[in-house]
1. Can you list the copy-to-copy distances for A:GLY309, using a point 7 angstrom from Cα toward Cβ, in nanometres, shortest first?
2. State the answer as a single residue: which of B:GLY108, B:GLY352, B:GLN153 lies farthest towards the positive end of the charge dipole of chain B, with beta carbon charges of +1 for Lys and Arg and -1 for Asp and Glu, about the Cα centre.
3. Express in whole angstrom the spacing between the alpha-carbon centres of the stretch A:1-63 and the stretch A:176-251.
4. Mind jotting down the distance between the C-alpha centroids of the stretch A:98-159 and the stretch B:336-381, whole Å?
5. Give me Rg over Rh for the stretch B:1-102, both radii from the alpha carbons and Rh done the Kirkwood way, two decimal places.
6. Per residue, how big is the convex hull of the stretch A:278-325 when only Cα atoms are used? Give it in Å³.
7. How big is the C-alpha Rg of the stretch A:129-183 next to the rule-of-thumb value 2.2 N^0.38 Å, as a ratio?
8. What are the aspartates and glutamates whose alpha-carbon lies under 19 Å from the alpha-carbon of A:LYS360, with same-chain residues fewer than 8 places away excluded?
2 protein chains.
Amino acid sequence: MREVAVIGVGMTKFGELWGKSMRDIFVEAALKSIQNAGVDRIDSMYVGSMSSGLFVGQEHLGAVMADYLGMNPIPATRVESACASGGVAFRSAYFEVASGNSDIVLAGGVEKMTDGADVTDALATAADQEYEVYQGVTFPGLYAMIANAHMHQYKTKREQIAAVAVKNHKNGANNPNAQFRGEITLDQVLNSTLVADPLRLLDCSPVSDGGAAVILCSMDIAKKFKGTPIRIKATAQASDTIALHSRKSLTSLAAVSVAAAKAYKSAGITPKDINFAEVHDCFTIAEIVVSEDLGFFEKGKGGPAVEKGFTSLGGKIPINTSGGLKSKGHPVGATGIAQIIEVYEQLTGQAGKRQVKNAKIGLAQNMGGSGASCVINILEAL
Amino acid sequence: MREVAVIGVGMTKFGELWGKSMRDIFVEAALKSIQNAGVDRIDSMYVGSMSSGLFVGQEHLGAVMADYLGMNPIPATRVESACASGGVAFRSAYFEVASGNSDIVLAGGVEKMTDGADVTDALATAADQEYEVYQGVTFPGLYAMIANAHMHQYKTKREQIAAVAVKNHKNGANNPNAQFRGEITLDQVLNSTLVADPLRLLDCSPVSDGGAAVILCSMDIAKKFKGTPIRIKATAQASDTIALHSRKSLTSLAAVSVAAAKAYKSAGITPKDINFAEVHDCFTIAEIVVSEDLGFFEKGKGGPAVEKGFTSLGGKIPINTSGGLKSKGHPVGATGIAQIIEVYEQLTGQAGKRQVKNAKIGLAQNMGGSGASCVINILEAL
């Protein structure tokens, strides 16, 4: 396999982008990434999107976006893995470059969620429609079950879960692309509207519009372009049962631990070598469970770790310096790519007030549904 | 790039499979392909599906199918390129094996279209929703415009277009998996219900349920398994404007000619070296236009070629020996994989009454929308 680098990134602001269509959003992000990389061509492109059919009535998204980007006749493919669609788009682009078929490939992600569709209904198609959704379960309910189980099994405190939101909003306040840039307090999280006990409104990532794109390039030629090359050290993906009730455990996500083990093995490193991580905090509890399943903390120690500041900027292993899904926003198909962008900006020293000191190796963990799919990408500064 | 082979195939019967869910259908096809190849593991899988969200309210299809196939925790990714989703799934699987990341990968496609969704509405999301569909155009209308332009520019006769349906039903009568196994006459096509002038009911492929899967394997180890290895000689993909009105020509599909040129170059062959082809006859006129853009006939000669029997079984270049989308059925996500299956069965001499004599090199051409995306795969007997 050829070595592959990321050489440029671009994203829109995440939020309620009512003045921009899905096409506008994707093209804005893609053009920024092309300009950032300084490439004069793209050989192929991948678009991650979870449910453009249900959100805006448009499938065939690869072709639509290649057209609006002015890139016809290059190959353009849409990939979907629910909220992990962006991560999977990145991985697909990686394979095309690693195989030697193409040298420069764009991996993008986009979602337009605020245009009037029934968002909860559309998002629920990432769960088991036949055995979960028809019975009335939606995602806040699924993650609330995980939270309750974790609190029961490991004595994780409600305040520790809420502390994830406080930390991520603090980080997001320094991210110009974040949907919510206001800091929040523990009391505000604990007293926000109840959504699915114990999760409250400020435990949940928002409904967002947004696009993100990165340029992948064969390492052989990466230094020819303006953009700083960052090595893709490992990519790994795993699946789990679609329904939460089919799992052996509610407090551990097997797709995360399996993908992590593969990624670490492929990179020849251990969790201790990771300097910082972007993880999939669709709900606050998810960040805690994932931080354990990635091996950053023992099972059950994820809650105390947040409380002690281990995952804060300046802590042992800063998590979600971008603000995470919680504060930066969660346009589902774009999220996995936006995570890669934060890792890239950290590794190239461009993260401003969010900068992790001596950042050499960063990890991005993107997840679909209640953890039925997970993609992990590890990037390393040259 | 490593050489990659197809070593096994499997599909369901195409048709109105009211007794089977989307999951049942995919799993049936996938298990058949695994058994046919004789593999004892799969490293990863891809699922092509156009619009499972709109058809049956289920996204996250990679994870759903890996789960129901009993394959957790392998990576499972859904890819979408409208009616070319199957072809793109095959190509994605190809890259993963060619890159060296995985040795044995399943590429499948599935669609469940007869479960009550508004099929015309869902299919229209493959066209330009904002500039075509909102104005009232659906796919029969788009292909009718292509047919009218071709008849005007090249004097293509209505009877020549209808002859595609007659030929394909004749082939499909010998395909046990075909949705329609009855032969039809030219008069029946010409007198069937008018859909969008000049296209009539028997010019249109049907609404279908169905699944198809193939097993790709690194050529190095392909001979270890029970299934006969067939070389993937080339894969190419191209895009075009999503809207028909943006194209320079209505009578030529640029994504087809661009992908074909790439595929021939990559394979080191010319159209004359192709012994037979499966092409995307979503409407009869599409087969004529595509047979020209693939270089089998000069522009404008595709109509007369059908009439003269050049594309019939036993002719110069048999096209759609499987019955094509017209007679075999068109569960959109499965179609591209089913085309590969026909090519595989021909190249391994298993096509029975449909067998092309001395079949050494076969081509599969899969297309999305009104030609905004196209995937071409060329396979060769060892």
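What follows draws every value from the coordinates through simple rules; no lab data is involved. Note that the structure is a prediction, hence the values are computed from the model and not measured. Methodologically, a virtual Cβ is constructed for each residue, glycine included, from the backbone with ideal geometry; neighbour enumeration extends over all protein chains shown.
1. Taking the point 7 Å beyond Cα along Cα→Cβ, the inter-copy spacings are 8.7 nm.
2. My answer, from the dipole projection, is B:GLY352.
3. Using only Cα atoms, the two centres lie 17 Å from each other.
4. With the stretch B:336-381 and the stretch A:98-159 each reduced to a Cα centre, they are spaced 37 Å.
5. Ratio of gyration radius to Kirkwood radius for the stretch B:1-102: 0.95.
6. 61
7. Dividing the Cα Rg of the stretch A:129-183 by 2.2 N^0.38 Å gives 1.53.
8. Of all the aspartates and glutamates, those that pass the test against A:LYS360 - Cα under 19 Å, at least 8 places apart if same chain - are A:GLU3, A:ASP273, A:GLU278, A:GLU342, A:GLU345, A:GLU380.
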